[in-house]
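Colleague: Following this message is one structure expressed as structure tokens.
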Amino acid sequence: MQRSKLMFLLVALALAVALAVAFGSGWFGAEPLPPPGPANGGGDGDTVVAGPNDQVDAPPLDVPPHAPHVELKVTSIERFVPPPKEPSRARTQRGDELPTRLLAGIGAGFDADPQRRGVAMARVSYPDGDLLRQVVVEPDRVLPVTVGGIVTMRGRVVDEQQKPIAGASVWFGQLDGDGGLRAVQTDEEGLYECDVRIGEGVPFVVRAPGRASTWRVLTVSLASRALDATLLPACTLQVQLATSATDVDARAFVTPPAQLTTGIAQWPFFLQALTGGHAIDAQGRCVIDDLPADGAAGIVVRHPFAPPALAEVRLKPGLTQQIVPVRLAQQRRRGMVVDEADAALAGVAVFSHFERDPIGAGGSLRLLPPHLDARSSCMTFSDAVGAFVVGVQEGRGQVLSLRRYGHAGRDVPWDRVPEQGVVLPAWRGGDAALRVLPPRPGTAWTIATDLGGGLRADVAQDEAFRVSLPHAGIFDVEVTVAIDGEVREQRVWKHRIATDAVDVETPIVD
């Protein structure tokens, strides 16, 4: 009997709990509690609308009668090209990040394909002098490397008969404050000693007069042992242009041939990215004196008035000469590059090319400098006052492309290049938007725009309205203010530059 009473009490208690849960959760018509959080979106005092799917449900605003209504029409004039993304930074052993830039190989240069996979030579900023490190490039990212403390590396440099080479240059990828190579020299016994920062991807480059330069990549650690090198006799290559190079900055670059031999495979192609290649003198000549004395090598000549000229040469001991024909463009055009404050921009990469042929660096597994494969481009750089002279080839679709780190890239048809200078604005993130200021203080207002497929919004008093642009670039912006359907004010902002949020003033109406 008592057991039956106990069971009855347990069932009654369970039923009471179930009823309480049901009423508390709204099963029988009770209002459920709302989740915690703000009642409306936005922030920073702006009404933000980035697109039809980004609008935030909010209580309707109390827009008074006769409130100003703004019509915003936006016309895209030009789309900017983003500068290269800064790759995953190198790190110290303590975890401090070090600014890093790809110098040669996959991903280096401008407009590189972010989906390429391979290796690159990176320049890592370090307080006592930059460092070069080979890094692994994967789609949309670069695997970071770690830079550690200092270890002393020792070794010996000899020739093919194992005799010591005195005065050989040994370099572990370290640069001085001026960007020069911080190398050490071997003594009379061919011995060297060098302090090197610990880490992976360290280039070990050995050079000597009359000898073929060679390199390999290392992981330097406290356990590193003596590091020796053997230098073989060199081929001295004299490149002669079949055209005049007077008063222009023409450069020759060594590239891998179709058939690689061991000597050319071990030649440090990436060093040309530091030096800008081999300078060609006023007689159209340059001498490259550290190539291996067997196999072959490719030669690319970059001339500001001609697309790249190509040749392949057989390498042999002693002096080898190679004539490279250069096909000069039919025209030469002068220009200027300035920033948004009209100040000259030096060191801007200038490409004159057919629109159908992009300048994008394909990248090379042999760590070549970028843009040697931009076959239709005449290329140069702006000087200290922002000026440049570049060749323009015959044919339709000729484009002037300007690129600089930290700045928006521009592709401008030559017939639209302004004489007073092309503005290359700073890149401020690329999240381009318009921030429309209110047309009347102290009152709510409405706006409609053709952006985002057609947006309309009510805006609270003294708040701005922010709407995303389809891309960073140059835009014409037309603002019309009406009251009760009657246009009161209208203004057109021509060629507004946007690489982030840009304020758009609306005419103030009474």
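The values are calculated or read from the model by the stated rules, or taken from the named source; none is laboratory data. Worth saying up front: this structure is predicted, and the values here are computed from it rather than measured. Ideal geometry is used to build each Cβ from the backbone, glycine not excepted, and the neighbour counts take in all protein chains shown.
Colleague: For residues that are under 17 Å from residue 422 (Cβ atoms) and among the charged types (D, E, K, R), scanning just region 323-379, find the one that is farthest from the chain's Cα centre (by Cα).
Modeller: Restricting to residues being under 17 Å from residue 422 (Cβ atoms) and among the charged types (D, E, K, R), the top hit is 332.
Colleague: Does region 183-192 include one or more residues that are in a loop (DSSP other than H, G, I, E, B) and hydroxyl-bearing (Ser, Thr, Tyr)? Break it down stepwise before answering.
Modeller: Restricting attention to region 183-192, the residues satisfying the condition of being in a loop (DSSP other than H, G, I, E, B) are 183, 186-190.
Adding the requirement that they be hydroxyl-bearing (Ser, Thr, Tyr) leaves 186.
Yes: one or more hits.
Colleague: Sticking with this one: Which fully enclosed strands (runs of 3 or more DSSP E) of region 436-481 have 3 or more residues being in the same structural domain as residue 496 (by TED's automatic domain parsing) and under 30 Å from residue 406 (Cα atoms)?
Modeller: Values: elements: 445-449, 455-459, 464-468.
Qualifying strands (runs of 3 or more DSSP E): 464-468.
Colleague: Same structure again: Could you tell me whether residue 219 is of a type in the set (Ser, Thr, Tyr), without any contact (Cβ under 8 Å) to a residue 40 or more places away in the chain, more than 19 Å from residue 275 (Cβ to Cβ) and assigned to a strand (DSSP E or B)? Show your work before the answer.
Modeller: Details: of a type in the set (Ser, Thr, Tyr): yes; without any contact (Cβ under 8 Å) to a residue 40 or more places away in the chain: yes; more than 19 Å from residue 275 (Cβ to Cβ): yes; assigned to a strand (DSSP E or B): yes.
It is true that residue 219 is of a type in the set (Ser, Thr, Tyr), without any contact (Cβ under 8 Å) to a residue 40 or more places away in the chain, more than 19 Å from residue 275 (Cβ to Cβ) and assigned to a strand (DSSP E or B).
Colleague: Let me confirm something: among 447, 474, 508, 497, which residue is in contact with a Phe, Trp or Tyr (Cβ under 6 Å, 6 or more places away or on another chain) and touching a residue at least 60 places away in the same chain (Cβ under 8 Å)?
Modeller: Details: 474 fails: in contact with a Phe, Trp or Tyr (Cβ under 6 Å, 6 or more places away or on another chain); 508 fails: in contact with a Phe, Trp or Tyr (Cβ under 6 Å, 6 or more places away or on another chain); 497 fails: in contact with a Phe, Trp or Tyr (Cβ under 6 Å, 6 or more places away or on another chain).
On inspection, the qualifying residue turns out to be 447.
Colleague: Could you tell me whether region 391-413 includes any residue that is part of a loop (DSSP other than H, G, I, E, B), more than 16 Å from residue 112 (Cβ to Cβ), free of Cβ contacts under 8 Å to residues at least 12 places away in the same chain and over 22 Å from the mean Cα position of the chain (by Cα)?
Modeller: yes
Colleague: Taking residue 177 as the residue in question, decide whether it is surrounded by 15 or more Cβ atoms within 10 Å (Cβ to Cβ) and either under 30 Å from residue 136 (Cβ atoms) or under 32 Å from the mean Cα position of the chain (by Cα) (or both). Quick ask: steps written out before the conclusion?
Modeller: Numbers: surrounded by 15 or more Cβ atoms within 10 Å (Cβ to Cβ): no; either under 30 Å from residue 136 (Cβ atoms) or under 32 Å from the mean Cα position of the chain (by Cα) (or both): yes.
Judged against the criteria, residue 177 is not a match.
Colleague: State yes or no: is residue 250 in the same structural domain as residue 289 (by TED's automatic domain parsing) and either over 30 Å from residue 90 (Cα atoms) or among the aliphatic types (A, V, I, L, M) (or both)?
Modeller: Details: in the same structural domain as residue 289 (by TED's automatic domain parsing): yes; either over 30 Å from residue 90 (Cα atoms) or among the aliphatic types (A, V, I, L, M) (or both): yes.
Yes, satisfied.
Colleague: If you don't mind, there's one more thing I want to ask. Tell me yes or no: at least one residue of region 457-472 is of a type outside the set (Lys, Arg) and closer than 30 Å to residue 307 by Cβ. Walk me through it before giving the result.
Modeller: Initial filter on region 457-472 (of a type outside the set (Lys, Arg)): 457-465, 467-472.
Those still in the list that are closer than 30 Å to residue 307 by Cβ too: 471-472.
The answer is yes, given that some residue of region 457-472 is of a type outside the set (Lys, Arg) and closer than 30 Å to residue 307 by Cβ.
Colleague: Also: May I ask you to say which residue of 479, 459, 487, 436 is farther than 30 Å from residue 381 by Cα and either surrounded by fewer than 16 Cβ atoms within 10 Å (Cβ to Cβ) or of a type in the set (Ser, Thr, Tyr) (or both)? Walk me through it before giving the result.
Modeller: On the way: 479 fails: either surrounded by fewer than 16 Cβ atoms within 10 Å (Cβ to Cβ) or of a type in the set (Ser, Thr, Tyr) (or both); 459 fails: either surrounded by fewer than 16 Cβ atoms within 10 Å (Cβ to Cβ) or of a type in the set (Ser, Thr, Tyr) (or both); 436 fails: either surrounded by fewer than 16 Cβ atoms within 10 Å (Cβ to Cβ) or of a type in the set (Ser, Thr, Tyr) (or both).
Of the residues listed, the single one that is farther than 30 Å from residue 381 by Cα and either surrounded by fewer than 16 Cβ atoms within 10 Å (Cβ to Cβ) or of a type in the set (Ser, Thr, Tyr) (or both) is 487.
Colleague: Out of region 304-322, which residues are of a type in the set (A, V, I, L, M, F, W, C) and surrounded by 13 or more Cβ atoms within 10 Å (Cβ to Cβ)? Write out each step before concluding.
Modeller: In the first step, residues of region 304-322 are kept if they are of a type in the set (A, V, I, L, M, F, W, C); the result is 305-306, 309-311, 313, 315, 319.
Of everything in region 304-322, those that are of a type in the set (A, V, I, L, M, F, W, C) and surrounded by 13 or more Cβ atoms within 10 Å (Cβ to Cβ) turn out to be 305, 306, 309, 310, 311, 313, 315.
Colleague: Ok, one more. Could we say that residue 385 is among the aliphatic types (A, V, I, L, M), closer than 30 Å to residue 292 by Cβ and not in a strand (DSSP E or B) here?
Modeller: Working: among the aliphatic types (A, V, I, L, M): yes; closer than 30 Å to residue 292 by Cβ: no; not in a strand (DSSP E or B): yes.
In short, no.
Colleague: Something else now. Being closer than 18 Å to residue 69 by Cβ and not in a strand (DSSP E or B) is the filter; apply it to region 482-510 and report the residue that is modelled with the lowest pLDDT.
Modeller: Among those residues, the one meeting the criterion is 510.
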